[in-house]
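S.K.: I have a structure here, written as structure tokens, and I will follow up with some questions on it.
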Amino acid sequence: MKQRLAKIYDQIAQACQKCGRDPKEVELIGVTKYTDLAKVQQAIDAGLTHIAENRVQDAQGRFPALKMASGQVTKHLIGHLQTNKVKFAVELFDMIQSVDSLKIAQEIQKHAHKHQKVMNVLIQVNCSDEEQKSGVSQEQALELIDQIADFENIHVQGLMTMAALTDDETQVRAAFSGLRNLRDQARGVLNKKGRGEMKWLSMGMSGDFPIAIEEGANMVRVGRALFGSDH
């Protein structure tokens, strides 16, 4: 596991060098969807500080069994969030990366307020315009961010997307650069409200994270390259 982690960090460093960025800017998130608890624990013990689950019910079963020092590991939800699971998501996760509707945001606000917690979220954007993918459209994203920025118990920290599963690098880059450009616009929306800093661009998986880094990603979600699985 240490070797796998080292290899991925090396790939991150190479991608950063290619575009003149500092590798320390990029956070690696280990996607644990298809792997077993033992491998997740090995990764944490080897120094992985961010883990992500696709489904709330999987996190409910797995997180309590992991040995994590307080504050050592940040837990992310990256899969589609159903309204009836929001309560548990707010309790379990440090960041919800898949907010894509006002309805979901309202539920998060309600439960975060109950727990006296400020929930860090990313807005999921469908930059590849694929019908089967979750995410708000690029055209509607700024309006959604403007609405959510008024919620006291939600902190919008950035954007998330998935590129199309294609070998066409031009198409992949277009999705990532589209999210970066949207982030720049979203910063203006939040600045007017005095809320958030749009710090994170979460994009890139095992097959395309070097491209994502070249296009501005500072969170990459890696499953297969780390655990032999991917989301």
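S.K.: Given charges of +1 on the Cβ of Lys and Arg and -1 on the Cβ of Asp and Glu, with all other atoms neutral, how large is the dipole of the range 142-231 about its Cα centre, in debye to the nearest 20?
M.R.: 320
S.K.: In Å, what Rg and Dmax follow from the Cα atoms of the range 78-231?
M.R.: Considering the range 78-231 through its Cα atoms, Rg and Dmax are 15.0, 46 Å.
S.K.: In nm, give the distance between the simple-model label positions of LEU165 and GLN106, each being 7 Å from the Cα along the Cα-to-Cβ direction.
M.R.: Placing both labels 7 Å along Cα→Cβ, they lie 3.4 nm apart.
S.K.: Among residues other than LEU102 whose Cβ falls under 14 Å from its Cβ, what is the net charge (Lys/Arg +1, Asp/Glu -1)?
M.R.: -3
S.K.: May I ask you to list the trypsin sites (Lys or Arg not before Pro) in the range 130-231 that are in a DSSP loop and have at most 11 other Cβ atoms within 10 Å of their Cβ?
M.R.: Qualifying residues, ordered by number: none.
S.K.: List the lysines whose Cα sits under 28 Å from the Cα of LYS103, skipping any in the same chain fewer than 8 residues away.
M.R.: LYS103 reaches LYS33, LYS75, LYS85, LYS87, LYS114, LYS117, LYS133, LYS192, LYS193, LYS199.
S.K.: In debye to the nearest 20, how big a dipole does the chain give about its Cα centre with +1 on each Lys and Arg Cβ and -1 on each Asp and Glu Cβ?
M.R.: 820
S.K.: What number, rounded to the nearest 500 deg cm²/dmol, is the helix-based mean residue ellipticity at 222 nm of the chain, given -39500 (n - 2.57) per DSSP H run of at least four residues and division by all its residues?
M.R.: After summing the helix terms and dividing by the residues of the chain, the value is -13000 deg cm²/dmol.
S.K.: Name the residues of the range 201-223 whose amide N is less than 15 Å from a point 7 angstrom out from the Cα of ASP22 along the C-beta direction?
M.R.: Of the residues in the range 201-223, 218 have backbone N under 15 Å from the label point off ASP22.
S.K.: Rounded to the nearest 0.05, what FRET efficiency is calculated for ASP146 and THR74 with R0 set to 35 Å and r the Cβ-Cβ distance?
M.R.: 0.85
S.K.: Under 8 Å for C-alpha pairs, at least 6 residues apart: give me the relative contact order for the range 2-226, rounded to a whole percent.
M.R.: Relative contact order for the range 2-226 comes out at 19 percent.
A short reminder: the numbers here are calculations on the coordinates, not readings from a lab. Everything numeric here is computed off the predicted structure, so don't read it as measured data. Reconstructed Cβ throughout: ideal geometry from the backbone, glycine too, with neighbour counts over all protein chains shown.
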